[in-house]
Amino acid sequence: MTEGFEARGAWAAAGHGMSAAAGHGSSGERTLAPFGRRRLPVVGRREYGAYVVISVADPGGPAPDPGQFAMLAAAERWGGGADERPFLPRAFSVARRHHDGTLDFLLEDVGPGTNRLAELDDGDDVWLLGPLGRGFAPPHDGRRPILVGGGVGIAPLAILQDALGPSPLVLLGFRDVDHAAGAALLCDPNVATDDGSVGHHGFVTELLASEMDVALRSSQARSSGRRYIEVYACGPPPMLEAVRALCAEHGVPAQLALESGMACGFGACFGCVVPTRDGYVRLCVDGPVLDAAVLEAVT
Amino acid sequence: MISFCGIQLRHPIVNGSGTFDAIAARRAFGDALLRDFPFAAFVSKTVTLAPRQGNLPPRLWELAAGMINSIGLPNKGLDGYLAEDLPRLAELPVPLIVNVMGSTPEEVATLVAAFAGREEVAALELNVSCPNVKTGLLMGADPGETAALLDAVRPRTAKPLIVKLTPNCASPAAVAAAAEQHGADAVSLVNTLRGMAIDPRRPGQPWLGGGTGGVSGPAVRAIALAQVREVRERVRVPIVGMGGVQSGRHARDLLDAGADLVGVGTESFRDPRAGGRIAAELAEIDANSGIVAGPPKPARPRIAQSL
């Protein structure tokens, strides 16, 4: 392990590097987290339909790799709610890092932890530990990236789009119009909704299937075989499984950002394991982004 | 410095076995972890003879004041631990305590013997929360089982042996007394308390892949205090007390109940530096009350015995 690199891991090496804050390290495979949680102010709260984005000022923190996450807890009144939870911090992908170090997190109020976090606003503080985990790798061999997101899983695709530069193809799926408002986080997305209220009526994976069909039939694809596109996906397990199966069928590499409940976020609790071809791996240290090829299935 | 079984420690705060993976933490935090290592000694995750995958997910359930885990002791097995983990753990700036578990006394003895000559290892902790496959009894739930275990293990090493007591039995104090009589150098308690959660989407079905799991966190703190005191009344060997410790105050309470060291577990999940913070808070409490770290322990508890 080395510390104090100016340039960070794979993204910097590939020329995608965002400015790295001095004094923070990289191990080559990931941007390292400072050791210890930081109490940071919430500096913004915006609603996007069913979602809330909270912004946290972290000017001294390291710039996360796309796909890395942080453990978040409200600094006050964390616990003691209606059912006396939450007790543990919650894991969230970093959705965006602004030039001043402000970090955006996309939340959907679905339980006691997200309920408390989603009500935070200017003047509140959070405890933040991160950036954690292994994020997305830059496209291999100059492949054209296709970003596929579902629901609140669109979060890491926003920071990924920022890192990729000139607009990659973005395909996003949502339940309904209220959730589709989250699409505003990304530039120029193609949207699908389950109820047809916005965009394509159906699953985002149907959009992916037709895009892959086009891409793989194009002249460039013919000349370079299937080494042409690479899929980056984050969303609910059924969507990720459909993406995995589709990519496996067409021999297209895919990087999947998975989710699992975690207690710690740094490998201590062994609670966030998912099965791979090599046995269980901890999503917090070996993920959350996994090469689709290591998975039999996303469950 | 304080002395525990002849091991010199900077402060009385250690980690509970299986609640901090120093190798994974170094991947996340880099060498900053070593510069500010939160524990005075590091207790590694349970090692078994054969590798274990661990339990089916889901493995975690959050409680009002803690959590239930059903991890199932995943580990690389003895050979994998010796080859891959031990060299990394030897780089830590604190003494290393290796936790082992086997399904027979002979298996535990084999594990203990494998570490007997390793200079990197300061002490061994025996996880006795495992059924003896020959008798069907939990090794740590029955004084006779614990005695037989120590009789098999004690001759195999000169290193300090710590018995990690389970609270899921009739009398942890009786087990502690048996452990002491048969050669244990210290005991640690409490391990997690058995508990379960129901899957909110499947009425009557357990949430955890392992069916039941171990409850930890602030929910068990009062139980830990009572059990540490009860054990202190029965044994003279040092005690590593743990259970729901979140602050220096909680650590001081366990020490006052009769513990010599204090383990921090679940709180590290919320705050990876919790061990160091708690050690600092404890030092401040003790400085303000005139307690000097590391005096010889009284053989009997200082607190009233009647309730």
B:A64, sole failed condition from (1) more than 9 Å from chain A (Cβ to nearest Cβ); (2) over 19 Å from the mean Cα position of the chain (by Cα): (1)
Residue match in segment A:199-206 (condition: of a type in the set (V, I, T), out of contact with any Asp or Glu (no Cβ under 7 Å at 6 or more places or on another chain), within 28 Å of A:V294 (Cβ to Cβ) and modelled with pLDDT of 95 or more): yes
Which numbered condition B:G241 misses (of (1) surrounded by fewer than 22 Cβ atoms within 10 Å (Cβ to Cβ); (2) of a type outside the set (A, V, I, L, M, F, W, C); (3) more than 14 Å from chain A (Cβ to nearest Cβ); (4) under 18 Å from the mean Cα position of the chain (by Cα)): (1)
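Evaluate the following for A:P89: is it within 12 Å of chain B (Cβ to nearest Cβ) and touching a residue at least 60 places away in the same chain (Cβ under 8 Å)? Talk me through it step by step, then tell me what you get.
Numbers: within 12 Å of chain B (Cβ to nearest Cβ): yes; touching a residue at least 60 places away in the same chain (Cβ under 8 Å): yes.
Yes; evaluated as a whole, the condition is true for this residue.
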Residue in segment B:80-88 that is at the interface with chain A (Cβ under 10 Å from one of its Cβ atoms) and more than 21 Å from B:A274 (Cβ to Cβ) present: no
Selection status of A:D122, surrounded by fewer than 19 Cβ atoms within 10 Å (Cβ to Cβ), of a type in the set (D, E) and not assigned by TED's automatic domain parsing to the domain that holds A:V43: no
Those residues of segment A:244-259 which are farther than 16 Å from A:P139 by Cβ and either among the polar types (S, T, N, Q) or under 17 Å from the mean Cα position of the chain (by Cα) (or both), in sequence order: A:R244, A:L258, A:E259
All strands (runs of 3 or more DSSP E) inside segment A:111-228 with 3 or more residues being of a type in the set (K, R): none
Subset of segment A:261-274 (residues that are facing chain B (nearest Cβ under 7 Å) and assigned to a loop (DSSP other than H, G, I, E, B)): A:G261, A:A263, A:C264, A:F266, A:G267, A:A268, A:C269, A:F270, A:G271
Check on A:L128, more than 13 Å from chain B (Cβ to nearest Cβ), under 20 Å from A:V152 (Cβ atoms) and not charged (D, E, K, R): no
Extreme residue, farthest from the other protein chains (Cβ to nearest Cβ), among residues of segment B:41-55 that are buried (at least 24 other Cβ atoms within 10 Å of the Cβ) and touching a helix residue (DSSP H, G or I) at 6+ places or on another chain (Cβ under 7 Å): B:V47
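Hand me the list of strands (runs of 3 or more DSSP E) wholly inside segment B:62-163 holding 3 or more residues that are touching a residue at least 24 places away in the same chain (Cβ under 8 Å) and closer than 30 Å to B:A197 by Cβ.
Ranges flagged: B:66-69, B:121-127.
Which one of these is at pLDDT below 95 and touching a Lys or Arg at 6+ places or on another chain (Cβ under 8 Å): A:L216, A:L295, A:L256? Don't jump to the end; show me each part of the working.
On the way: A:L295 fails: at pLDDT below 95; A:L256 fails: at pLDDT below 95.
Among A:L216, A:L295, A:L256, only A:L216 is at pLDDT below 95 and touching a Lys or Arg at 6+ places or on another chain (Cβ under 8 Å).
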Top-ranked residue of segment A:190-219 - restricted to ones that are buried (at least 16 other Cβ atoms within 10 Å of the Cβ) and among the β-branched types (V, I, T), ranked as farthest from A:L147 (Cα to Cα): A:V198
Number of the condition not met by B:V133 [criteria: (1) more than 14 Å from the chain's Cα centre (by Cα); (2) at pLDDT below 95; (3) buried (at least 21 other Cβ atoms within 10 Å of the Cβ)]: (3)
Filtered residues of segment B:268-292 (kept if among the charged types (D, E, K, R) and within 14 Å of chain A (Cβ to nearest Cβ)): B:R270, B:D271, B:R273, B:R277
Filter result for B:A109 (of a type outside the set (D, E, K, R), buried (at least 19 other Cβ atoms within 10 Å of the Cβ) and within 14 Å of chain A (Cβ to nearest Cβ)): no
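Here is a check on your reading of the model: is B:A22 closer than 17 Å to B:N99 by Cβ, more than 12 Å from the chain's Cα centre (by Cα) and either within 12 Å of chain A (Cβ to nearest Cβ) or free of Cβ contacts under 8 Å to residues at least 60 places away in the same chain (or both)?
Details: closer than 17 Å to B:N99 by Cβ: yes; more than 12 Å from the chain's Cα centre (by Cα): yes; either within 12 Å of chain A (Cβ to nearest Cβ) or free of Cβ contacts under 8 Å to residues at least 60 places away in the same chain (or both): yes.
When the stated conditions are applied, B:A22 passes them.
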Options B:G214, B:G210: the member that is of a type outside the set (D, E) and part of a strand (DSSP E or B): B:G214
Failed condition for A:V289, given (1) under 29 Å from B:G265 (Cα atoms); (2) surrounded by fewer than 24 Cβ atoms within 10 Å (Cβ to Cβ): (2)
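The values are calculated or read from the model by the stated rules, or taken from the named source; none is laboratory data. From a predicted model like this one, the values you see are computed outputs, not experimental measurements. Note: ideal-geometry Cβ built from the backbone for every residue, glycine included; neighbour counts use all protein chains shown.
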